[in-house]
Amino acid sequence: MTQITLPRPDDWHLHLRDGAMLAGIAPETTRHFARAIIMPNLVPPVVTGAQAAAYRDRILAALPEGADFEPLMTLYLTEETDPADVAAAAASGLVKAVKLYPAGATTNSASGVRDFDKVRGVLEKMAEIGLPLCVHGEVTDPAVDIFDREAVFIDRVLDPVRRATPGLRVVMEHITTKDGVDYARAQGDDLGATITTHHLIINRNHILVGGIKPHYYCLPVAKRETHRRALVEAATSGDARFFLGTDSAPHADPAKESACGCAGCFTATNTMQLLAHVFEAEGRLENLARFASENGPAFYRLPVNVGTITLEKTADPAQWPAKILTGAGPVTVFDPGFPVYWHVKG
Ligand code: DOR
Ligand code: ZN
């Protein structure tokens, strides 16, 4: 197969940022994607329905002329979040999910949750109305090794919270481990899991062997090869629980190439080409539509997009810019480290 047509894909986990960075990187997503779940970890975070409405307006104003793109807004869960505000924002159609960051887990997560008893009322309201909780699944306990933080989170936090809140619909965001895959596979249809582009391609050696590679550093950090293999098997299997969430997370190069570099890989530009490569290498191109275009809408109870995207394999390697130049500085595009022969047509 050298050509494949899919319904237009969606990105179920995206960082669009704000201001000059938003304006600079928005076209990279709107070129291929019809919708995206927009992460709320701005400074200050997007906590209330009113803040989400204002952020949505800023996103729409920053989109390129003629873009056919719908931002799906989320609220950042804090210990002060008001269940009634969440319910109103969901009822109006503005907000499609609430995001849980354990306090301190990652970029701009200081306002996240420390004491889960304090968010019980919000979680119960969300279970009642069917609003998904998107979970950054890492414990922040300094005693837990960074490579174990996802597996420990499942046992210590995720499973207890789900048991305590029957009916709560949960997305395990950017899973990076076989533990995450195995847990998701054992659950029913009230649990989904997103997988990023970069975690399908790199393992921890890519970050650390032959010199430290800041552009491969993200959170959750890439794990060993056995885990990457489990992610590839899950993503390419067609299983409805697994869908694309790129976690494309731009930081200007000086913030990445630093003694204390920020976490995030920027994959909005080349995700579809890279996914075609990964799925073809597995002999599973026929399941790319499920992963990138169908399983996500099914979980979020939204229609599959009407338009299509066509990918074509040629003898010439695909080209993309090494960096996206934004008013907030240059952003390095994720480099898979191998040539890719899949192109997006049109
Ligand atoms: O690598 C990451 N970057 N992981 C996250 O959870 C946050 C994100 C960001 O906002 O930069
Ligand atoms: Zn993210």
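The values are calculated or read from the model by the stated rules, or taken from the named source; none is laboratory data. Model, not experiment: these values are computed from the prediction. Using ideal geometry, Cβ is built from the backbone for each residue, glycine included, and neighbour counts are taken over all protein chains shown. Side chains are part of the model used for accessible areas, which takes the heavy atoms of the whole protein and leaves out ligands, DNA and RNA. Shrake-Rupley method; radii C 1.70, N 1.55, O 1.52, S 1.80 Å.
In degrees, nearest 10, range 0 to 90: what is the angle between the Cα axis of helix 225-236 and the longest Cα principal axis of the chain?
90 degrees
Indicate, rounded to the nearest 5 percent, the antiparallel portion of the DSSP beta bridges found entirely in the chain.
Taking every DSSP beta bridge within the chain, about 30 percent pair in antiparallel fashion.
If I stretch the segment between ALA281 and ASP115 completely, what's the gain in nm (0.36 nm per residue apart, minus their alpha carbon distance), one decimal?
So the extension gain works out to 55.4 nm.
Straight-line reach from LYS178: which aspartates and glutamates have Cα under 18 Å away, leaving out those fewer than 8 places along the same chain?
GLU138, ASP145, ASP148, GLU150, ASP155, ASP159, GLU225, GLU233, ASP239, GLU282
Collect residues whose amide H, placed 1.01 Å from N in the peptide plane, falls under 5 Å from the amide H of HIS13; neighbours closer than 5 in sequence don't count.
Result for HIS13 returns ILE37, THR246, ASP247.
Using the alpha-carbon atoms, what tilt in degrees (0 to 90, nearest 10) does helix 120-129 show relative to the longest principal axis of the chain?
Result, in degrees: 70.
Rounded, prolate or oblate: which one fits the range 26-101, using the alpha carbon gyration tensor with axes a ≥ b ≥ c (rounded when a/c is under 1.5, else prolate when a/b beats b/c, else oblate)?
Prolate, because a/c is 1.5 or more and a/b exceeds b/c.
Report the label-to-label distance for ILE212 and ALA298 in nanometres (one decimal), using points 7 Å from each Cα along the Cα→Cβ vector.
Going by the 7 Å Cα→Cβ label model, 4.2 nm.
From largest accessible area down, sort ARG241, ARG290; use a 1.4 Å probe on the protein chains.
From most accessible down to least: ARG290, ARG241.
Tell me, what is the per residue accessible area of the chain in Å², probe radius 1.4 Å?
It amounts to 39 Å² per residue over the chain.
Based on the alpha-carbon set only, what is the convex hull volume of the range 3-344 divided per residue, in Å³?
Cα convex hull per residue, to the nearest whole number: 127 Å³.
Can you give me the C-alpha center-to-center distance between the range 90-165 and the range 234-264, rounded to a whole angstrom?
19 Å
To the nearest 10 square angstrom, how much accessible area does HIS215 have with a 1.4 angstrom probe?
In the full protein context, HIS215 sits at about 50 Å².
GLU124: accessible area at probe 1.4 Å, nearest 10 Å²?
90 Å²
Determine the shape class of the range 140-212: with a ≥ b ≥ c the square roots of the Cα gyration tensor eigenvalues, call it rounded for a/c under 1.5, and otherwise prolate if a/b is greater than b/c, oblate otherwise.
Judged from the Cα gyration tensor, the range 140-212 comes out oblate (a/c at least 1.5, b/c at or above a/b).
According to a simple spin-label model (label point 7 Å from Cα along Cα-to-Cβ), what is the distance in nm between GLU124 and PHE338?
5.1 nm
Solvent-accessible area of GLU312, probe 1.4 Å, all protein chains present, reported in Å² to the nearest ten, please.
60 Å²
Please give the contour-minus-distance gain from GLU65 to ASP155: 0.36 nm per residue of separation, less the Cα-Cα distance, rounded to one decimal in nm.
27.8 nm
Given Cα pairs under 8 Å that are at least 6 residues apart, what percent is the relative contact order of the range 3-344?
That works out to 20 percent.
What shape does the range 290-346 take by its C-alpha gyration tensor, where a ≥ b ≥ c are the square roots of the eigenvalues and a/c under 1.5 counts as rounded, a/b above b/c as prolate, and the rest as oblate?
Oblate is the answer for the range 290-346, as a/c is 1.5 or above yet b/c matches or exceeds a/b.
Could you list which residues have their amide H under 5 Å from that of ALA97, counting only those 5 or more apart in sequence or on another chain, with H placed in the peptide plane?
Residues meeting the amide H criterion: LEU75.
ASP141 to ASN108: FRET efficiency via 1/(1 + (r/R0)^6), r the Cβ-Cβ distance, R0 30 Å, to the nearest 0.05?
Step by step, r from the Cβ atoms, then E = 0.90.
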